[in-house]
Amino acid sequence: MTKQQPKVAIVHDWLIAGGAEKVVLELHKMYPDAPIYTSYCTDEWREKLDNKVVTGPLQRLGDFRKLIPFLRIWWFGRLKLDGYDLVISSTGAEAKGINVPAGTPHVSYIHAPTHYYWSRYDEYLKNPGLGALDGIARTGLKLLVRPLRNWDFKAAQKPDFLIANSTHTQSSISQYYMRDSRVVHPPVDTKRFGNESTQKRHGFVITGRQTPYKRVDLAVAACTRLNVPLTVIGKGPDHERLKAMAGPSITFLGFASDHVLTKTVVNSEAFLFPGVDDFGIAPVEALAAGTPVIAFKAGGALDYIVPGKTGEFFDAQTVDSLAQVLQAFDSKKYSSSGIKKFAQRFSIEQFHKNMTATLKDVL
């Protein structure tokens, strides 16, 4: 007689793009019958999740929904989650604040304590990243941050068990929410670069959305100073500023195809990661390609950069600090096969294994 699968509900802040959505995708594969409740979902992600997505009135607000956290708080708080054996929230914002019936376990996978209330409050005030709506967002955040922080703290006390995506996030959960958590690293498609063969490694590469906190400017400035090749893939609000400060050794590819991105990462001497991220999917993908990573010594990078084995750290977010490491860097000292093997501990299969073990412990 086969054991009956538990009836599960998955709840997520919004489904647009990024690493958090990849966690939801893998949770969906683990529990394919589970509905996925979210405040907003693109057509692309609705299709990826086999139309299991449940949205509400906030779906009709488009980008305007970003300005009204109270509406998201209201919507998640009114969700009816009766009849489930397990509820899993995946969140870096409001989804952890759901009300789950007594006796139903609620496990929350925390991507980060809500950035715009806590660790990146000052950054969001300076640059909300909403274009023409920046002024409204800035004023609203200044006026409302105290009650919103209070709500966020109380919401983080609701889940029965918290999972952190890195030791950095685990520390932030302890700092801001005063709770313990267990680390389960997010799923990384370590097979993405598997079919691309390495030719002669040349120059450095950096990818991702070009926003101030990613600190792409450090990579551009350091490589310009040393006159070493750097390929910059991606776009964002900082794009024109970065182009203006770049020297002749910097190449901007904009939004490159997956083939071009893969080929560039595989054949680079190192992947540069100068920002602070809660985990950081892109650098781990680079490791899966056998490419070492040079990262600022903070955030999620502490979980996967082993100096001399998978890459190197630079100690301060300054051009001088990064340039010093770049100047001394020799990609020939690293074992590409060894780096690839190390990266497998962050694979999709390992995520499934770790989540299954964690949920078994909880239940």
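Computed from the coordinates by the stated procedures, all read-outs in this text should not be read as laboratory data. Fair warning: this is a prediction, and the values are worked out from it, not measured in the lab. Quick reminder, even Gly has a Cβ in these numbers, built from the backbone with ideal geometry, and neighbours come from all protein chains shown.
For every residue, the table says whether it meets (1) free of Cβ contacts under 8 Å to residues at least 60 places away in the same chain; (2) touching a helix residue (DSSP H, G or I) at 6+ places or on another chain (Cβ under 7 Å); (3) not acidic (Asp, Glu).
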site: Ala246; (1), (2), (3): yes, yes, yes
site: Ile294; (1), (2), (3): no, yes, yes
site: Ala316; (1), (2), (3): yes, no, yes
site: Ser331; (1), (2), (3): no, no, yes
site: Gly338; (1), (2), (3): yes, no, yes
What residue, of Ser321, Ser347, is under 20 Å from the mean Cα position of the chain (by Cα) and closer than 22 Å to Val276 by Cα?
Ser347
Does Lys80 fit the bill of being among the basic types (Lys, Arg), touching a helix residue (DSSP H, G or I) at 6+ places or on another chain (Cβ under 6 Å) and under 28 Å from Asn150 (Cβ atoms)?
no
Take the stretch 72-110 and flag every residue that is in a loop (DSSP other than H, G, I, E, B) and touching a residue at least 40 places away in the same chain (Cβ under 8 Å).
Leu79, Leu81, Gly83, Tyr84, Asp85, Gly92, Ala93, Glu94, Ile98, Asn99, Val100, Pro105
